[in-house]
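Below is one structure; the comments refer to it alone.
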Protein chains: 2
Amino acid sequence: MSYSRRGFLTAVGTTGGAGALFATMGALGLAPTAEAMTRTAFTPPQPSDFTLTGRGAKKVVVLGAGVAGLATAYELGKAGYDCTVLEALDRVGGRNWTIRGGDRITELDGSTQISRFSEGVYMNAGPARLAQWMVTMDYCRELGVPLEVFTNSNAQSYIFNEAAGMTAPVRWRTAKSDVYGYISELLSTATDSGALDAKLTAQDKERLISFLRGFGAIGTKANGFAYTGGERRGHSVDPGAGEQPGTVLGPVPSLSDVLASGVGQRFSFEFGYDQAMLMFQPVGGMDSIPKAIAAAVGKEKILLRSKVTKITDLADGVEVEYQDKNGRTRKIKADFCVATMPPHILAKTPHNLGPDVQAALSMPTVTSSGKIGLEYRRRWWEIDENIYGGVTNTDLDLSVMWYPSYGYGTRRGLVIGYYHNGANADSYAALPHPQREKRAIEQGMKIHGAKYRDELASSVSVAWKLQPHIEGAWVGWPSRTGGYQLLNKPAGHVHFAGDWLSYMIAWQAGALESARKTVTDLHKRVLTH
Amino acid sequence: MSYSRRGFLTAVGTTGGAGALFATMGALGLAPTAEAMTRTAFTPPQPSDFTLTGRGAKKVVVLGAGVAGLATAYELGKAGYDCTVLEALDRVGGRNWTIRGGDRITELDGSTQISRFSEGVYMNAGPARLAQWMVTMDYCRELGVPLEVFTNSNAQSYIFNEAAGMTAPVRWRTAKSDVYGYISELLSTATDSGALDAKLTAQDKERLISFLRGFGAIGTKANGFAYTGGERRGHSVDPGAGEQPGTVLGPVPSLSDVLASGVGQRFSFEFGYDQAMLMFQPVGGMDSIPKAIAAAVGKEKILLRSKVTKITDLADGVEVEYQDKNGRTRKIKADFCVATMPPHILAKTPHNLGPDVQAALSMPTVTSSGKIGLEYRRRWWEIDENIYGGVTNTDLDLSVMWYPSYGYGTRRGLVIGYYHNGANADSYAALPHPQREKRAIEQGMKIHGAKYRDELASSVSVAWKLQPHIEGAWVGWPSRTGGYQLLNKPAGHVHFAGDWLSYMIAWQAGALESARKTVTDLHKRVLTH
């Protein structure tokens, strides 16, 4: 989309006014309203679909009460499908897990932490942020889940690249000022010298330099377009009253030092379609979402602590065997099954769906990820450092540190001390919790000093590959052909759903979109047979 | 501050661990804790200041119950000063004014709007955002005022420069992707061609190009470092489930078109020390702040609808004449007076403080500003356009449009349809409210189409220069010497305070810092005489 299609549109605008102009833009696909309708269309099944076609609602057994499973039961339930959801854990949500005081975190080897978080303090161990364009926002609206901003970036938080030789963290605002300043100085110089004349007209050059002057807060041509710092870096003494104009933070490091520090490499994270601010979270914990869906489904339809032990596709339906909360083996028969467990867990579950399905389920690679929640007795990040939320980004093994996006100005608060994946996650997962805490604190002290150790109240860590019935943070497909395509179709009476069957892996939106797709497929099948 | 001082600090780090390293950094002024202590130190007056010195608390009359006046009475009150606050309006807060359903907005000519906003809908007509480093955040903590994010920028909101020939708004994320992409392409090309060899070493060049590859999401050298769009622009079809990888928004406008559109000129707003995200607001309305201070001061000490008519400095104190809420002229005598009314209002108030003070009060130039609050029956910006908060920036006479930073996902919501100052504010102020609304809607339809008109429920506009007893949005000093310095000192027993006596004019933090300074000055004077 070009920002200007003057020939046609300006003419319309002149004669028809803004309304006519806008309507024309809409017809051309240029108008924001048209642009915004980017999500896959979905019509939930309706009771009238059955009454009008003379068909009856079917019985469906849903495997897993994570976001995909719950959404499947919720959407099918709108038309009156008789759904039963089997869930191995003693809670709904799956990886959507909010840990509060008193909660137990048990890992595969049986080791258990008991959270000592204070009242009102929580940690979203799994998903923690929603992008505005994601369907998750629609579910929050539909279910009345209140939202607030998740602080995915903050000019006041830090960047610290230890391996690049940085000896102190630098605030994002300072790093940005320096990088944008120097690249503006360089590009203005090159442009003005004629080095880019092959790419730029005289008018382009003028406009570009005008832009760079403001973008980098750089000097005039007479001053060599020099970047020499400024208020965007921050202040060592803030502007105040009377004779206190403030002191701008300085001195400015050299261009070479800024490039060597690698701070600029951190910027693009926040440009991504799925990570750009504004991001959101439910008020009070991410598990508000699965709890709200579960309430809409009806708690009596969700069997917790019920681990699936066998899936048998039958000529006329499906039979699922599971171990109930009392350890007894039970069977449930249904017309259809929607399996939403992670593929690597499904692959360990006996079934008769054939070797191709089994091969497909074994195909994705499982990614490790871990988080530690550190509760502090005092919000030193707010009081001492003027950091209210946001992310500090590092090359340390903690990867990133998150300051809480809720409870600003209150007494206690919870910092995510690490959120990492891959090798870093594996190395922390290999440690017992007290050693994870110790290591996280040692690393974090490089950013925040001794108070990071001294003011700690308690902590909890989650290593996703060690969580029973989940055993991983998310998966990756080697290819989107073959197995991925196979599992996006039913195997007999068994359908599949989950973020792993979407192009938004590791996002709840992927689970929700996949549930919608599977619900649509299943409902069409019921209505056309 | 350089990001690296390897010679010394790495040595310390090696031998003493992170704690020792950090302590050393602190001593050098490099550590974040040291860096964060940027605000002017302030110790509130204490009762013990009197008991220990054998002095008694004095009587102080404070003129104006805006943020500066309230903070003055609050801080003096901590030591037991006997304060009376005179306020001409029928509410506290001054320019900190939150308008809700039922509120009346009366202008100088007597014309009155009565707000029809729904329950829970409000408009912060004056200050609306707090930066994290501002002392206002500390007052919110101290007074228990809960905070939430003010959405000062949003990748999903728009830029629209009509005069530059744009015929449709473009989302911030799209504009940033294009501008950052093209400047990265240009600077990589210039760097690689050797055009900047006078400024860059071989290692600098390598690091710079590596940075630009990620910053602009551009191609390799073999591809001419070309910017060709990508997912950062957004999607015309979002990634979804199954066979829905999503469709990246395209086509990408040419470099010339992007430069001509001027979209990049909007970016630097959010780099400013006082405007960079994260920004904050009190939950439920900005007037939570003055209300909380007023409650701490004691409502019985604040006389509303009490307009100051004369200030007389006496040999042993001060006498203030005012018209009380019943229209009767009254006098109050005190040891000191702190005048916090706007300087141009003070200049119209008879006093005996002398011609220099009068000249100083007349010196600042008054700036106009206006806002319109548009309540909609439906949150179309969220539902249709996936915009949850943020600012749309334009070259239209509306200047900027704000989407609400509260009530996400609820039914109704309030858009700030314009927030402008100077000539734009004056031209809207000259219209009666219905015409302001009509014009704002016509302009806003260029961004949002017919629903911007059709779904409107009600509106309220404030033109600050027409607000009785305030008559302006903020002031500017031609110079910080002379009059500014004079009024930052007492005139007899009359002290002054207000954002206009700070380097943070138009910010509540300026009023608060000025109040703290004046309280300190006054208290020192009392304790040393």
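The values are calculated or read from the model by the stated rules, or taken from the named source; none is laboratory data. Values in this document were obtained by computation on a predicted structure and should not be read as measured data. In this analysis, Cβ positions are derived from the backbone assuming ideal geometry, glycine residues included, and neighbour counts consider all displayed protein chains.
Observations
- Complete set of residues in segment A:302-331 that are in contact with an Asp or Glu (Cβ under 7 Å, 6 or more places away or on another chain), among the β-branched types (Val, Ile, Thr) and within 22 Å of A:His344 (Cα to Cα): A:Thr309, A:Thr312
- From the list A:Pro253, A:Pro245, the lone residue that is part of a loop (DSSP other than H, G, I, E, B), facing another protein chain (nearest Cβ under 8 Å) and either β-branched (Val, Ile, Thr) or surrounded by fewer than 21 Cβ atoms within 10 Å (Cβ to Cβ) (or both) is A:Pro245.
- In segment B:303-316, the residues that are farther than 16 Å from B:Ala497 by Cβ, in contact with a strand residue (DSSP E or B) (Cβ under 6 Å, 6 or more places away or on another chain) and not acidic (Asp, Glu): B:Leu303, B:Ser306, B:Lys307, B:Thr309, B:Lys310, B:Thr312
- Among the residues of segment B:327-344, those that are surrounded by 24 or more Cβ atoms within 10 Å (Cβ to Cβ) and either of a type in the set (Asp, Glu) or part of a loop (DSSP other than H, G, I, E, B) (or both) comprise B:Thr340, B:Met341, B:Pro342.
- Complete set of residues in segment A:390-404 that are within 14 Å of another protein chain (Cβ to nearest Cβ) and of a type in the set (S, T, N, Q): A:Thr392, A:Asn393, A:Thr394
- Scan of segment B:256-283 for residues that are closer than 30 Å to A:Gly409 by Cα and either touching a Pro at 6+ places or on another chain (Cβ under 6 Å) or more than 7 Å from every other protein chain (Cβ to nearest Cβ) (or both), ordered by number: B:Phe269, B:Glu270, B:Asp274, B:Gln275, B:Met279, B:Gln281, B:Pro282, B:Val283
- Residue list for segment B:165-212, filter: under 39 Å from the mean Cα position of the chain (by Cα) and β-branched (Val, Ile, Thr): B:Thr167, B:Val170, B:Thr174, B:Val179, B:Ile183, B:Ile209
- Filter pass, B:Asn161 being in contact with a Gly (Cβ under 8 Å, 6 or more places away or on another chain) and at the interface with another protein chain (Cβ under 7 Å from one of its Cβ atoms): no
- Residue match in segment A:405-427 (condition: under 24 Å from A:Phe269 (Cβ atoms), of a type in the set (S, T, N, Q), within 14 Å of chain B (Cβ to nearest Cβ) and touching a strand residue (DSSP E or B) at 6+ places or on another chain (Cβ under 6 Å)): yes
- Residue match in segment A:459-467 (condition: at the interface with chain B (Cβ under 9 Å from one of its Cβ atoms), in contact with a helix residue (DSSP H, G or I) (Cβ under 8 Å, 6 or more places away or on another chain), farther than 18 Å from A:Ala506 by Cα and in contact (Cβ under 8 Å) with a residue 12 or more places away in the chain): no
- Taking the criterion of being touching a Lys or Arg at 6+ places or on another chain (Cβ under 9 Å) and free of Cβ contacts under 8 Å to residues at least 12 places away in the same chain, the only residue of segment B:90-134 that qualifies is B:Thr112.
- Selection within segment A:362-381 - in a loop (DSSP other than H, G, I, E, B) and either within 23 Å of B:Gln132 (Cα to Cα) or among the charged types (D, E, K, R) (or both): A:Arg377, A:Arg378, A:Arg379
- Members of segment B:472-487 that are part of a loop (DSSP other than H, G, I, E, B) and in contact with an Asp or Glu (Cβ under 7 Å, 6 or more places away or on another chain): none
- Yes/no for A:Glu206 being in contact with a helix residue (DSSP H, G or I) (Cβ under 7 Å, 6 or more places away or on another chain) and of a type outside the set (Val, Ile, Thr): no
- Which listed residue, of A:Ile447, A:Ile387, is β-branched (Val, Ile, Thr), in a loop (DSSP other than H, G, I, E, B), surrounded by 17 or more Cβ atoms within 10 Å (Cβ to Cβ) and facing chain B (nearest Cβ under 8 Å): A:Ile387
- Considering segment B:230-242, the residues that are touching a residue at least 24 places away in the same chain (Cβ under 8 Å) and not in a loop (DSSP other than H, G, I, E, B) include one that is farthest from the other protein chains (Cβ to nearest Cβ), namely B:Arg233.
- Positions within segment A:287-306 being of a type in the set (A, V, I, L, M, F, W, C) and under 18 Å from A:Arg330 (Cβ atoms), in sequence order: A:Ile302, A:Leu303, A:Leu304
- Note on segment A:475-498: among residues that are within 9 Å of chain B (Cβ to nearest Cβ) and touching a Lys or Arg at 6+ places or on another chain (Cβ under 9 Å), the one that is farthest from A:His344 (Cα to Cα) is A:Asn488.
- Any hit, segment A:95-110, residues being of a type in the set (D, E, K, R), closer than 25 Å to A:Leu303 by Cβ, surrounded by fewer than 20 Cβ atoms within 10 Å (Cβ to Cβ) and touching a helix residue (DSSP H, G or I) at 6+ places or on another chain (Cβ under 7 Å): yes
- Number of residues in segment B:177-229 that are among the charged types (D, E, K, R) and facing another protein chain (nearest Cβ under 7 Å) equals 3.
- For segment A:450-494, filtered to residues that are of a type in the set (Asp, Glu) and in the same structural domain as A:Ala425 (by the TED database), the residue that is surrounded by the most Cβ atoms within 10 Å (Cβ to Cβ) is A:Glu455.
- Checking each residue in segment A:186-211 for being touching a residue at least 12 places away in the same chain (Cβ under 8 Å), surrounded by fewer than 24 Cβ atoms within 10 Å (Cβ to Cβ) and closer than 18 Å to B:Thr201 by Cα picks out only A:Thr189.
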